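Working notes for the structure below.
Every read-out reported here was derived from the displayed coordinates using simple, explicitly stated rules and does not represent laboratory data. Predicted model, so just to flag it, every value in this text is computed and none were measured. Here the Cβ positions follow ideal geometry from the backbone for every residue, glycine too, while neighbour counts run over all protein chains shown.
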Amino acid sequence: MLHALRQTSILLFVALQFVCAAIIYKTQSHHKNVVDYIFLSASSQFHALADGIEKRFSTDTKELDALREANTKLRRELAYSKYLDCGLENNKLVLQKESLFTYTAASVISNSYVDQENYIIINRGKHHGIQAGNGVISDNGVVGVVLQSTSQYSQVMSLKHVNMKLSAALSRTNHHGTITWQGGKSNHLFKFDFIPSHVPVNIQDTIVTSGYSLVFPKGINVGVVSQLQKKTNNSHDIDVQLLTDLNSLSTVYVISNQHQAQLDSLR
């Protein structure tokens, strides 16, 4: 009887410890950030082991990596075509190509998409030049923004995060607004806010990144207008369907702005 009581007391004590830890995690942002970082580091070690096992037994890894590298190279060449500068060579004015953005291919290791605050873990980190604030895209469009990194892995805030705001524009008219997620399990619960009612908007109009932030180049696909009606405050009420399926991500590309430090110094 005494032994059973002692075991019950121990179990109750352990349960109370978990409850206290959960309360601290939910209410203290500092502790939450520490726990998140520890979790990311632990996840990195686990996924590194799993990634090594997968590579050892997969016969298609080299071919897949080659395709990713080819895709990354094409994106870099596209970036060259969007950024030109002038310079002097032999006393002649010439156009010089410079890449404002670089792209790094990465694999998605884990991906949450049913919570209010969803995150993605990718297998690239500080060792690969990835840092907090880098944009993340897929072949179809915007995915999210890097939140934090370890040496080999990074945590990405998904577009399906209630605190995520993306500067975007109507491709056809170049009018700018903000993309936000309304919560829920669907890719369709996105809003495009701050577009005045006098602006012509059509169903299936394409929405792209505005280029007004330091995170994404201008013109990367975000989604299309799926529903449209006018609000009483003289602006459109626009629903957006993303062009990227955030529920089935595999390969993504991390974008780094090469002039980040210069632009930050002007803020």
**Spacing of the two label points (7 Å from each Cα toward its C-beta) at Gln116 and His259, in nm** = 3.9 nm
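Among the listed pairs Lys126/Lys191; Lys160/Lys191; Lys165/Lys218; Lys191/Lys218; Lys191/Lys231; Lys160/Lys230, which have their C-alpha atoms separated by more than 21 angstrom in this model? Write out the running numbers ahead of the final one.
Values: Lys126/Lys191 33 Å; Lys160/Lys191 12 Å; Lys165/Lys218 16 Å; Lys191/Lys218 19 Å; Lys191/Lys231 13 Å; Lys160/Lys230 25 Å.
Correct reply: Lys126/Lys191; Lys160/Lys230.
Mind checking the full-extension length gain between Lys165 and Leu100? Use 0.36 nm per residue of separation minus the Cα-Cα distance, one decimal, nm. Write out the running numbers ahead of the final one.
Numbers: separation 65, 0.36 × 65 = 23.40 nm, distance 2.28 nm.
Result: 21.1 nm gained on full extension.
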**Request:** State, to one decimal in nm, how far the label point of Gln229 lies from the label point of Thr251, with both points 7 Å from Cα in the Cβ direction.
**Result:** 4.2 nm
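Please arrange His175, His259 by how many other C-beta atoms lie within 10 Å of their C-beta, fewest to most. Write down the numbers at each step before the final one.
Values: His175 19, His259 12.
In increasing order of surrounding Cβ atoms, one gets His259, His175.
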**Share of alpha-carbon pairs per 10 Å distance bin for the stretch 226-267, given as whole %** = 19, 21, 20, 37, 2
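Say R0 is 22 Å: what FRET efficiency, to the nearest 0.05, do Ile203 and Thr178 get from their beta-carbon distance? Walk me through the numbers on the way to the answer.
On the way: r = 20 Å, r/R0 = 0.91.
Computed FRET efficiency for Ile203 and Thr178 comes out at 0.65.
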